[in-house]
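S.K.: Quick one: the structure is below, questions incoming.
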Amino acid sequence: MASKFVGCAQVYLNKLIALQKPVVYNTKVAVEIAKQVYKKEGMAFPSGAQFAEAQQTLQNALKIKNLKNLTFSDAAKGGVIFAEIYTFFLLGEVVGRRNLIGYDVKSEESAHH
């Protein structure tokens, strides 16, 4: 039993070792591309003042008194945006499953035949 476990562990360890080089290479490539995009686009990390401004804006948006001034039009726009985001999520699920309804799970009977 122990030899079976060790053999199985060795197989998985060898697969992980084989994956190490491509993963490291692809990560290095992605980092270099990100550096080039960062420089080319003139990107910069937000300053402390920008973080504080974003935090203040978020706090103001979440205050109850601001929600009382919410119009039906604003609520409808928010609902449409939420529906769009949810629809993209659902489409991503369908693409990820490669199936429109549910996951393609093999039954026990079909696995034996």
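S.K.: Counting only Cα atoms, I'd like the Rg/Rh figure for segment 4-50, Kirkwood definition for Rh.
M.R.: Expressed as Rg/Rh, it is 1.39.
S.K.: Test of understanding: what is the full-extension gain from Leu70 to Leu58, defined as 0.36 nm times their sequence separation minus their Cα-Cα distance?
M.R.: 2.8 nm
S.K.: Over the Cα atoms of the chain, compute the convex hull volume and normalise it per residue, giving Å³.
M.R.: Taking the convex hull of the Cα positions in the chain, it is 310 Å³ per residue.
S.K.: Please give the contour-minus-distance gain from Ala34 to Phe82: 0.36 nm per residue of separation, less the Cα-Cα distance, rounded to one decimal in nm.
M.R.: Once the chain is fully extended between Ala34 and Phe82, it gains 14.3 nm.
S.K.: Here is a further query. Rank Gly79, Gln20, Asn66 by how far each Cα sits towards the positive end of the charge dipole of the chain (+1 on Lys, Arg Cβ; -1 on Asp, Glu Cβ) and give me just the farthest.
M.R.: So the residue we want is Gln20.
S.K.: Same structure, new question: Name the lysines eligible as straight-distance cross-link partners of Lys28: C-alpha to C-alpha under 30 Å, and not fewer than 8 places from it in the same chain.
M.R.: Lys15, Lys39, Lys40
S.K.: For Val11 paired with Leu91, estimate the spin-label separation in nm (one decimal), with each label point 7 Å from Cα along the Cα-to-Cβ line.
M.R.: 4.0 nm
S.K.: Would you calculate, for the chain, the mean residue ellipticity at 222 nm contributed by helices, counting each DSSP H stretch of 4 or more residues as -39,500 (n - 2.57) and dividing by all residues, to the nearest 500?
M.R.: So the calculated ellipticity at 222 nm is -26500 deg cm²/dmol.
S.K.: With every protein chain left in place, what is the accessible area per residue of the chain in square angstrom, probe 1.4 Å?
M.R.: Here the per-residue accessible area is 96 Å².
S.K.: Using a probe of 1.4 angstrom, how much of the accessible area of segment 11-81 is carbon and sulfur, in percent?
M.R.: Using a 1.4 Å probe with all protein chains present, segment 11-81 comes out at 67 percent carbon and sulfur.
S.K.: Looking at the chain, which longest stretch skips every one of the trypsin sites (Lys or Arg not before Pro) that is in a DSSP loop with at most 11 other Cβ atoms within 10 Å, leaving the sites themselves out?
M.R.: Counting at most 11 other Cβ atoms within 10 Å as exposed, the longest clean stretch of the chain is 1-62.
The values are calculated or read from the model by the stated rules, or taken from the named source; none is laboratory data. Since we're looking at a predicted model, the values are computed, not measured. Don't worry about glycine lacking a Cβ; one is built from the backbone with ideal geometry, like all the others, and counts go over all protein chains shown. We work out accessible area using only protein heavy atoms, side chains counted, and drop any ligands, DNA or RNA first. Shrake-Rupley method; radii C 1.70, N 1.55, O 1.52, S 1.80 Å.
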